1. Any idea how many residues of segment 19-33 are closer than 15 Å to D6 by Cβ and out of contact with any helix residue (DSSP H, G or I) (no Cβ under 8 Å at 6 or more places or on another chain)?
2. Scanning segment 24-55 for residues that are more than 10 Å from the chain's Cα centre (by Cα) and in contact (Cβ under 8 Å) with a residue 40 or more places away in the chain, which turns out surrounded by the fewest Cβ atoms within 10 Å (Cβ to Cβ)?
3. Exactly one condition in (1) assigned to a loop (DSSP other than H, G, I, E, B); (2) in contact with a Phe, Trp or Tyr (Cβ under 8 Å, 6 or more places away or on another chain) is not met by T17; state its number.
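Just so it is clear, none of the values below were taken in a lab; they were calculated from the coordinates. Quick caveat, the model's predicted, so the values are computed rather than measured. Don't worry about glycine lacking a Cβ; one is built from the backbone with ideal geometry, like all the others, and counts go over all protein chains shown.
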Amino acid sequence: MKAKVDPDVCIACGACTGICPEIFSMGDEGFSVAKEGEIEESLIGSAQEAEETCPVDAITVE
């Protein structure tokens, strides 16, 4: 599974970085970015929680 953040939708609320900082961080532009590559098995649950918590549905985990 991989995570993606749509920078055109992200409002930089920081919810995802609070829930899953191993995958999400705030980029240079001030919006959330997802780390490249496959999500480790142990982090899939928290990455999906970040996706579900995003108030503007900017995150996709698939």
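1. Going through segment 19-33 one residue at a time, the tally reaches 5.
2. Checking each candidate, the answer is P55.
3. The number of the failed condition is (1).
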